[in-house]
1. Name the one entry in 199, 221 that is at pLDDT 95 or above and either surrounded by 24 or more Cβ atoms within 10 Å (Cβ to Cβ) or in a strand (DSSP E or B) (or both).
2. Could you please find all residues in segment 321-366 being over 20 Å from residue 196 (Cα atoms) and of a type in the set (Ser, Thr, Tyr)?
3. Only residues that are of a type in the set (A, V, I, L, M, F, W, C) and either touching a His at 6+ places or on another chain (Cβ under 6 Å) or open to solvent by less than 20 Å² (accessible area, probe 1.4 Å) (or both): list them for segment 171-196, please.
4. Out of 361, 294, 280, 365, I need the residue that is modelled with pLDDT of 95 or more, within 24 Å of residue 69 (Cα to Cα) and small (Gly, Ala, Ser). Which one?
5. Would you check if residue 108 is of a type in the set (Asp, Glu), at pLDDT 95 or above and assigned to a helix (DSSP H, G or I)?
6. Where the second residue is assigned to a helix (DSSP H, G or I) and hydrophobic (A, V, I, L, M, F, W, C) and the first is closer than 22 Å to residue 395 by Cβ and free of Cβ contacts under 8 Å to residues at least 24 places away in the same chain and lies in segment 318-343, which pairs have Cβ atoms under 9 Å and are six or more apart or on separate chains?
7. Residue 332: more than 25 Å from residue 259 (Cβ to Cβ), at pLDDT 95 or above and part of a loop (DSSP other than H, G, I, E, B), yes or no?
8. Which condition breaks for residue 391 when tested against (1) surrounded by 14 or more Cβ atoms within 10 Å (Cβ to Cβ); (2) part of a helix (DSSP H, G or I)?
Amino acid sequence: MTQTAAFTPSSPVSATQPQRMQLAHLTAQMDELKQRGTYFKLRVLDDQQAPVCTYDGRRVINLASNNYLGLCNHPRLREAAIAATERYGVGSGAVRTIAGTIHLELEEKIAAFKNVEACVVFQSGFAANAGTVSSILGKEDFILSDELNHASIIDGARLSRAKIKVFRHKDVAHAEELLREIEHEPGRKLIITDGVFSMDGDIGPVDKLADLAEKYGAIMMVDDAHASGVLGRDGRGSIDHFGAHGRVDVQVGTLSKAIGALGGYVCGSRDLIDYLYHRARPFLFSTSHPPSVAATCIAAFDLLEAEPERIARLWENTAYFKQQLGDAGFDIGGVTTPKSETPITPIILGDGRRTMEFSKALFEAGVMATGIAFPTVPEGKARVRTIMTSEHTREQIDQALEVFVSVAKRLGLF
């Protein structure tokens, strides 16, 4: 009987082996970030996403999470996830077109909630945007995109190979000027905007852009990632906020923020959704969500309508926090940057190094608030971005405000 020899590596694997020079340019770029003071390391969350939680062993007031309504930890969502895991297991096994689907109930739930014919769920909001834009347009078409739209919209536009026209932020007149220039060009025209812009927290002019789409026969698309669960009746988003039902052809939303779980979705006509089932590459070539995620999201949409007081608390906390920050002398937008209108409230510092130093000092003093600099935001527009939730108590908010003021004074920001 022949024995098979155990595998022995020819040389030991060592974490200290010299780096191959083929990627030396990446090291140089990281060195540049360190020199600019904008290099960062990922923090480790030691417990649950909550108003107060533990990062890297330090207990902090959390103003960095997208968990707007506190649903990440809601008992009903936990119960739904556990029950689905026990019934279906931990994974779905393949893409939905090959191994079947248990996600249709979630899609039907979202479609009814958003007042549309149909919905398709993607693995992330990024995949939903990029997969949709790149699927429904081609190189003969045109995309008119707000200059501050999310990166997933930008990438989807590039993948579509359509001709891209960028209009000034929320400038409807400029959008119309660009539309007039291409009005008689062959190809479809798509207008796309964020419902809520993720860096400045301002609301997109969905109603006015929908007017333009109707006037020029364009497709209207809105990314409602930060509006879902925040704006509109029971968190139905910016389309509901503006009363624009039936006027937006493509609605994108997320399951990763106010909904408290993971994923993205696209809502619209039955034909749009069937087309995306057949042509959207992220849907076709990525394994679908674990069953527990689908079940969790179904429970979350039930809660949005059952517990409207969560959204009310979110807006009460937001109004109070903004007022106190402004009264303390912080630049929270409206001068050199757009004015925040939502629970996203940036504190504008401008300089990237100073911003990251402020964020680090806040963390050491007990407040988690993320520093954001170029290239995520333009040069000179660096900020500490704060996000309020429904679950923060007034005591926690006041304590965070005290830390902001004391740290800012210590660093000479006032």
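1. Result of the check over 199, 221: 221.
2. 355, 359
3. 175, 178, 179, 182, 190, 191, 192, 196
4. None of the other options fit; the residue is 294.
5. Criteria met by residue 108.
6. 332/325
7. For residue 332, the condition - more than 25 Å from residue 259 (Cβ to Cβ), at pLDDT 95 or above and part of a loop (DSSP other than H, G, I, E, B) - is met.
8. (2)
The values are calculated or read from the model by the stated rules, or taken from the named source; none is laboratory data. Because the structure is predicted, anything quoted here is derived from the model rather than measured. Here Cβ is always computed from backbone atoms with ideal geometry, including for glycine, and neighbour counts include all displayed protein chains. Surface areas here come from the heavy atoms of the whole protein model, side chains and all, with no ligands, DNA or RNA. Shrake-Rupley method; radii C 1.70, N 1.55, O 1.52, S 1.80 Å.
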